[in-house]
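Asker: Input: one structure, supplied below.
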Amino acid sequence: MDKQILLEGIDLLEFFGVNNSKIELIKRLFPKINITARGHALFIQGEPKEIKAFEKKFALLLDHYFQFNILTEEIINELMASGISTLEENGSNEPDIIVFGNSGKPVRARTPNQRRLVEANAKSDLIFAIGPAGTGKTYTAIALAVRALKNKEIRKIILSRPAVEAGENLGFLPGDLKDKIDPYLQPLYDALQDMIPAKKLEEFMKDGTIQIAPLAFMRGRTLSNAYVILDEAQNTTVNQLKMFLTRMGMNAKFIITGDITQIDLPRKSNSGLVQALKILKGIKSISTIYFDKKDIVRHKLVRDIVEAYDKHADEHAHTKTAVKE
């Protein structure tokens, strides 16, 4: 009996090993069948009973790889010997773990408000995540999107940001439009690169499974079967955010993140995020999570910096009020 198994979305070096060491180990564990690896396919020859047993155990290897993005010879030996998935033993059922990133590194909800965002994700299709820099708003949202893609809950991830300069001039950057805009989207690329192997991420970007684009590119689209994240939403205008929110199609989940203390628009009162929070307040199926300084997970100095700026702003506002009086 001949059988072929396609290995779609696999990093062959990680899965087969250097000099095919891992696939050679698999061959030794199944001496009664002939296994040949050619590109992204395995060709198997042997008795139907033996092939069926191999397929059952090989599926465990694939499940482990797609869950943890890693496959070692030790894991191969364990899964092939026991025939039992090691996902639970490796902590995949821990409630704080959202997804496993590269090299099996768990991406966790590390603070109370990050956990609230994960909980809101289970019950709401539209979520606002508001708070200062470094609180993990966007990173947690992207982890949730990657998990949904891995679980086949959606077909694509769409990440967007408004291309608004924070004191710099976009027009003076070198290159074409993509070159000018990419620096604004780099934080989104960085998060994805933590969670998806480079080769797989490249494939997702090429086939449109993952799309990263400026907010202006959303106009006219209906976003269905997708996990959509709008980052830096405090820099959208009222009309831009309304346009974005009305892109929601069937089986779509939207997360809008932003920091209303860092608005880079010429007139801060025009922030679409500030207006949306007022206009949409009270709609039960929309969740809003407010992050604060306690959620900051970057360098410990970041929290001190945020507190210092907040204190300065409060003192400045108090001084202006006293002068008016």
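Asker: If you scan the stretch 235-261, which residues turn out to be assigned to a helix (DSSP H, G or I), open to solvent by 10 Å² or more (accessible area, probe 1.4 Å) and among the hydrophobic types (A, V, I, L, M, F, W, C)?
Answerer: 238, 243, 245
Asker: If residue 264 meets every condition in (1) open to solvent by 10 Å² or more (accessible area, probe 1.4 Å); (2) not in a loop (DSSP other than H, G, I, E, B) apart from one, which number is that one?
Answerer: With (1) open to solvent by 10 Å² or more (accessible area, probe 1.4 Å); (2) not in a loop (DSSP other than H, G, I, E, B) applied to residue 264, the lone miss is (2).
Asker: Also, quick follow-up: Checking residue 232 against (1) open to solvent by 70 Å² or more (accessible area, probe 1.4 Å); (2) touching a residue at least 24 places away in the same chain (Cβ under 8 Å); (3) of a type in the set (D, E, K, R), which test does it fail?
Answerer: (1)
Asker: Mind checking which pairs have a first residue in the stretch 194-218 that is over 25 Å from residue 162 (Cβ atoms) and a second that is open to solvent by less than 50 Å² (accessible area, probe 1.4 Å) and part of a helix (DSSP H, G or I), Cβ under 7 Å, 6 or more apart or different chains?
Answerer: Pairs found: 197/102.
Asker: Residue pairs, Cβ under 6 Å, 6 or more apart or interchain, first in the stretch 155-166 and open to solvent by less than 40 Å² (accessible area, probe 1.4 Å), second aromatic (Phe, Trp, Tyr) and at pLDDT 95 or above. List them.
Answerer: 157/227
Asker: Can you spot a residue in the stretch 63-80 that is of a type in the set (A, V, I, L, M), open to solvent by 40 Å² or more (accessible area, probe 1.4 Å) and at pLDDT 85 or above?
Answerer: The answer is no, given that none of the residues of the stretch 63-80 is of a type in the set (A, V, I, L, M), open to solvent by 40 Å² or more (accessible area, probe 1.4 Å) and at pLDDT 85 or above.
Asker: Return the residues of the stretch 207-259 that are among the polar types (S, T, N, Q) and in contact with a Pro (Cβ under 6 Å, 6 or more places away or on another chain); say none if nothing qualifies.
Answerer: 235, 236
Asker: Can you tell me how many residues within the stretch 267-291 are hydroxyl-bearing (Ser, Thr, Tyr), free of Cβ contacts under 8 Å to residues at least 40 places away in the same chain and open to solvent by less than 40 Å² (accessible area, probe 1.4 Å)?
Answerer: Residues flagged as hydroxyl-bearing (Ser, Thr, Tyr), free of Cβ contacts under 8 Å to residues at least 40 places away in the same chain and open to solvent by less than 40 Å² (accessible area, probe 1.4 Å) within the stretch 267-291 amount to 1.
Asker: For residue 116, only one of the following conditions fails: (1) basic (Lys, Arg); (2) within 26 Å of residue 302 (Cβ to Cβ); (3) at pLDDT below 90. What is its number?
Answerer: (3)
Asker: Another question, then. Check the stretch 28-40 and report whether any residue there is crowded, with 16+ Cβ neighbours inside 10 Å and either of a type in the set (Val, Ile, Thr) or touching a Pro at 6+ places or on another chain (Cβ under 9 Å) (or both).
Answerer: yes
Residue by residue, here is whether (1) within 15 Å of residue 256 (Cα to Cα); (2) at pLDDT 95 or above; (3) open to solvent by less than 30 Å² (accessible area, probe 1.4 Å); (4) of a type in the set (A, V, I, L, M) holds:
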site	(1), (2), (3), (4)
131	yes, no, yes, no
144	yes, yes, yes, yes
176	no, no, no, no
184	no, no, no, no
193	no, no, no, no
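The values are calculated or read from the model by the stated rules, or taken from the named source; none is laboratory data. Worth saying up front: this structure is predicted, and the values here are computed from it rather than measured. Note that each Cβ is placed from the backbone with ideal geometry, even for glycine, and that neighbours are counted across all protein chains shown. These accessible areas exclude ligands, DNA and RNA; they are computed on the full protein's heavy atoms, side chains included. Shrake-Rupley method; radii C 1.70, N 1.55, O 1.52, S 1.80 Å.
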